[in-house]
1. Heavy-atom accessible area of residue 228 with all protein chains present, probe 1.4 Å, nearest 10 Å²?
2. Based on the Cβ-Cβ distance of residue 9 and residue 233, what FRET efficiency does E = 1/(1 + (r/R0)^6) give at R0 = 51 Å, to the nearest 0.05?
3. Can you pull the Kirkwood radius for region 1-47, inverse mean 1/r over Cα pairs, to one decimal in Å?
4. Using alpha carbon coordinates only, what is the Rg to Rh ratio of region 36-166, with Rh defined as the Kirkwood radius?
5. What is the percent carbon and sulfur in the accessible area of the chain, measuring with a 1.4 Å probe over the protein chains and ignoring ligands?
6. Please list the radius of gyration and Dmax for region 139-213, considering alpha-carbon atoms only, with Å as the unit.
7. Per the Kirkwood definition applied to all pairs of different Cα atoms, how many angstroms is the hydrodynamic radius of region 61-101?
8. Ignoring ligands, DNA and RNA, what accessible area per residue does the chain give at 1.4 Å, in Å²?
Amino acid sequence: MPVLCSTCTVNRAVLKRPKTGHSICKECFFWAFEEEVHQTIVAANLFKHGETVGIAASGGKDSTVLAHVMKLLNERYSYGLELMLLSVDEGITGYRDDSLETVKRNQQQYELPLKIVSYEELYGWTMDAIVKQVGLKNNCTFCGVFRRQALDRGAVMLKVDRICTGHNADDIAETVLMNVLRGDIARLRRCTAISTSSEGDGVVPRCKPLKYAYEKEIVMYAYFKKLDYFSTECIYSPNAYRGYARTFLKDLESIRPSSIIDIIHSGENLSIREGVKMPVQGTCIKCGYISSQTLCKSCVLLEGLNRGLPKLGIGKHHRLHEKIVSNQPLTEKEERKLKVVDI
Ligand code: SF4
């Protein structure tokens, strides 16, 4: 006896929703998924009519589903948004060059303008060159810091009012776990926020319309809709710490599917005791980007790369940052310490 869809009770169910456990047909799944994203957008008031929105597009499943659903909902519910695709080329041969080809096809399929900004043009370094200098242990620190700023710079060039990113519920739950394990309350407070306002010049507000969408459902949506996306892992993807959080989360999900949303809610409800000292946001004296230190992380990392001292931005070397800002020479011992790379 075929199982009928628990929503329409007419069609044959073809999948079990990971989020709810309901057996459901394809059409009802598409509708439920899209409506949930719409409800997320409406409940959090993510966009204003007439805004220009840059969709951060990597060619991966999350950003491809985001672009598809944003275009669909914008038309279905007359959001009145002007949508654009914004991509960052980190300069990773055999990975990003291929995934950007997918973004270019998405641009044609969705008929949206596309802007690509590259690390090479912004920083003078590709990730291939960075990995050659820093090795494979801390490469994602460079990549993550540079990407955040690159997206802002691209958004400013495109004159968009807002950037939306494809972070899904699993990504956010993993980040909550990592920040709890590290005791990083400043990041913990920020990571569950569905949107951020502009924190200064050159920092464009961001939002996460897929905040409550499960990764498994995003994959199913992309698969059943036959969306054109790129699914290869980055060749420089050690990121062991996040990998452990991911494995732990998947184990929890297999026992209790609501664990993902439960962890996000826990993160949202953790509040910071009064009187706890939080980092004060200022601006980088070199590039003017937001920073809680004299130099922003991006400038410190770049300075380290350009001086052949790759460890300058890794770990706590604030005393040495001060020396660099004031052009004081480093001692031989300090230089040696910053040159050592853990492969
Ligand atoms: Fe960059 Fe690391 Fe992601 Fe690769 S895995 S794209 S190096 S952050």
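1. Accessible area, nearest 10 Å²: 40 Å².
2. 0.80
3. Final number for the Kirkwood radius of region 1-47 is 11.4 Å.
4. Numbers: Rg = 15.6 Å, Rh = 15.5 Å.
With Rg and the Kirkwood Rh in hand, the quotient comes to 1.01.
5. Details: 9230 of 17410 Å².
Summing carbon and sulfur atoms, their accessible area is 53 percent of the total for the chain.
6. 13.0, 38
7. Values: mean 1/r = 0.0842 Å⁻¹.
With all distinct Cα pairs of region 61-101 included, I get 11.9 Å.
8. Normalised by residue count, the accessible surface of the chain is 51 Å².
The values are calculated or read from the model by the stated rules, or taken from the named source; none is laboratory data. Since the structure is predicted, the reported quantities are computational estimates derived from the model, not experimental observations. A quick note on method: Cβ atoms are made from the backbone with ideal geometry, for glycine too, and the neighbour counts reach across all protein chains shown. Accessible surface areas use protein heavy atoms only, side chains included; no ligands, DNA or RNA. Shrake-Rupley method; radii C 1.70, N 1.55, O 1.52, S 1.80 Å.
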